[in-house]
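Notes for the one structure printed next.
The values are calculated or read from the model by the stated rules, or taken from the named source; none is laboratory data. For clarity, every value in this text was computed on a predicted model and none was experimentally measured. So basically every Cβ, Gly included, is an ideal-geometry build from the backbone, and we count neighbours across all protein chains shown. Ligands, DNA and RNA are stripped out before the accessible areas are found, and what is left, the full protein with its side chains, is counted by its heavy atoms. Shrake-Rupley method; radii C 1.70, N 1.55, O 1.52, S 1.80 Å.
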Amino acid sequence: MNKKNSPLVPFAPVPLYNQLKELLRAQILDGTYPAESRMPSESELGDQFQVSRITVRQALGDLQKEGLIFKIHGKGTFVAKPKAFQNVSTLKGLAESLSQWGHEVINQLLSVKFIAADARIAERLQLNEGDKVAEIKRVRLINREPVSLEISYVLADIGEKLQKADLITRDIFLILENDLQLNLGHADLAIDAILADSELTKALNVEKGAPIMRIERLTHTADGNPIDFEFLYYRGDAFQYRFRIDRQRADSQKN
């Protein structure tokens, strides 16, 4: 390719590596380079865009940091599978949040059963240890791929109603609000990382010991009563939570 045909502009305010990074990012996102396809080599990209291998290496390095590509030693550079993501600045169910981005979310219902609350569940739901609660286990599939295992605990009377609802295609939040007329208020979250055990291996189709993001979420009604205690287990390679955090300045704290 001749220099005059290259879309990159030498001596522009934006460095060449940054121009190349943006161009390759656009081609990855529009499907020119599909997920899991092999990218051209550094020398091939250098010839195509008439830039040095150092420039190509910088562009690819930035794309790798962004999680858009990955390298396999001796085989080359490949396009990563895009991760679904959920912004958690507002309280929404998974399907409610992702459907606006065009993702299909369906559920594989594993079980609904009634158990005696252990100490942890009882403390979160403000019950006595041994009180009956409903345990709902579902695998959440995004675009037909298992991404999370969701284990929810609710009061027994609510569980009896949820048992009769459509847990295959609907978020529990929407059922609570629309069917049971319960106004949700806020949720407390705790996030950590664990390694996949045999249950997660089977549910999420990952290898034993694979990294899993675990979220403990306690949802309250608008009047502050705990209503839904959950453990959410997400595949680390397929999903991410995104937050916006605003800084509260000292002068505003004094008011």
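Listed here are the residues, each with its yes/no results for (1) modelled with pLDDT of 85 or more; (2) out of contact with any Leu (no Cβ under 8 Å at 6 or more places or on another chain).
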position	(1), (2)
Asp197	yes, yes
Val206	yes, no
Gly209	yes, no
Phe239	no, yes
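Of the numbered conditions (1) surrounded by 12 or more Cβ atoms within 10 Å (Cβ to Cβ); (2) modelled with pLDDT under 80, Gly102 satisfies every one except a single condition; which is it?
The single condition Gly102 does not satisfy is (1).
Would you call Val154 modelled with pLDDT under 90 and either part of a helix (DSSP H, G or I) or buried (at least 18 other Cβ atoms within 10 Å of the Cβ) (or both)? Reasoning before the result, please.
Details: modelled with pLDDT under 90: no; either part of a helix (DSSP H, G or I) or buried (at least 18 other Cβ atoms within 10 Å of the Cβ) (or both): yes.
No, not satisfied.
Could you list, in sequence order, the residues of the stretch 173-203 that are open to solvent by less than 80 Å² (accessible area, probe 1.4 Å) and touching a Pro at 6+ places or on another chain (Cβ under 7 Å)?
If the condition is that a residue be open to solvent by less than 80 Å² (accessible area, probe 1.4 Å) and touching a Pro at 6+ places or on another chain (Cβ under 7 Å), then Ala203 is the only one that fits.
Within the stretch 206-242, can you find the residues that are open to solvent by 30 Å² or more (accessible area, probe 1.4 Å), touching a residue at least 60 places away in the same chain (Cβ under 8 Å) and not in a strand (DSSP E or B)?
Across the stretch 206-242, the qualifying residues are Asn225, Asp237.
Identify the single condition in (1) in contact with a Gly (Cβ under 8 Å, 6 or more places away or on another chain); (2) not in a helix (DSSP H, G or I) that Leu127 does not satisfy, given that it satisfies every other one.
Just one mismatch for Leu127, condition (1).
Does any residue in the stretch 104-122 that is free of Cβ contacts under 8 Å to residues at least 24 places away in the same chain come within less than 6 Å, Cβ to Cβ, of a residue that is part of a strand (DSSP E or B) six or more places away or on a different chain, and which pairs are these?
Pairs found: Lys113/Glu135; Ile115/Glu135.
Residue check: is Lys161 exposed (fewer than 14 other Cβ atoms within 10 Å of the Cβ) and without any contact (Cβ under 8 Å) to a residue 40 or more places away in the chain?
Working: exposed (fewer than 14 other Cβ atoms within 10 Å of the Cβ): no; without any contact (Cβ under 8 Å) to a residue 40 or more places away in the chain: yes.
No.
Among the listed residues Lys92, Lys4, identify the single one that is modelled with pLDDT under 90, under 30 Å from Ala222 (Cβ atoms) and either among the charged types (D, E, K, R) or assigned to a loop (DSSP other than H, G, I, E, B) (or both).
Being modelled with pLDDT under 90, under 30 Å from Ala222 (Cβ atoms) and either among the charged types (D, E, K, R) or assigned to a loop (DSSP other than H, G, I, E, B) (or both) holds for just one of Lys92, Lys4, which is Lys92.
For the stretch 20-75, give me each residue that is aliphatic (A, V, I, L, M), in a helix (DSSP H, G or I) and open to solvent by less than 30 Å² (accessible area, probe 1.4 Å).
So the first thing to find is which residues in the stretch 20-75 are aliphatic (A, V, I, L, M), and the list is 20, 23-24, 26, 28-29, 35, 39, 45, 51, 54, 56, 59-60, 63, 68-69, 72.
Among the residues that remain, those that are also in a helix (DSSP H, G or I) are: 20, 23-24, 26, 28-29, 45, 54, 56, 59-60, 63.
Within the stretch 20-75, Leu20, Leu24, Ile28, Leu45, Val56, Ala59, Leu60, Leu63 meet the criteria.
Any residue at all in the stretch 74-85 that's of a type outside the set (A, V, I, L, M, F, W, C), at pLDDT 80 or above and under 15 Å from the mean Cα position of the chain (by Cα)?
Taking the stretch 74-85 and keeping what is of a type outside the set (A, V, I, L, M, F, W, C), we get 74-77, 81-83.
Narrowing further to those that are at pLDDT 80 or above: 74-77.
Restricting the remaining residues to those that are under 15 Å from the mean Cα position of the chain (by Cα) gives none.
Among the residues of the stretch 74-85, not one is of a type outside the set (A, V, I, L, M, F, W, C), at pLDDT 80 or above and under 15 Å from the mean Cα position of the chain (by Cα), which makes the answer no.
Restricting attention to the stretch 187-216, which residues are under 24 Å from Phe173 (Cβ atoms) and hydrophobic (A, V, I, L, M, F, W, C)?
If the condition is that a residue be under 24 Å from Phe173 (Cβ atoms) and hydrophobic (A, V, I, L, M, F, W, C), then Ala187, Leu189, Ala190, Ile191, Leu200, Ala203, Leu204, Ile212, Met213, Ile215 are the ones that fit.
Can you pull out every residue in the stretch 35-63 that is over 13 Å from Leu23 (Cβ atoms) and in contact with a Gly (Cβ under 7 Å, 6 or more places away or on another chain)?
Arg38, Ser41, Ser52, Arg53
Given the conditions (1) among the charged types (D, E, K, R); (2) at pLDDT 90 or above; (3) under 23 Å from Lys113 (Cα atoms); (4) assigned to a loop (DSSP other than H, G, I, E, B), and given that Arg170 satisfies all but one, which numbered condition is not satisfied?
Among (1) among the charged types (D, E, K, R); (2) at pLDDT 90 or above; (3) under 23 Å from Lys113 (Cα atoms); (4) assigned to a loop (DSSP other than H, G, I, E, B), Arg170 violates only (2).
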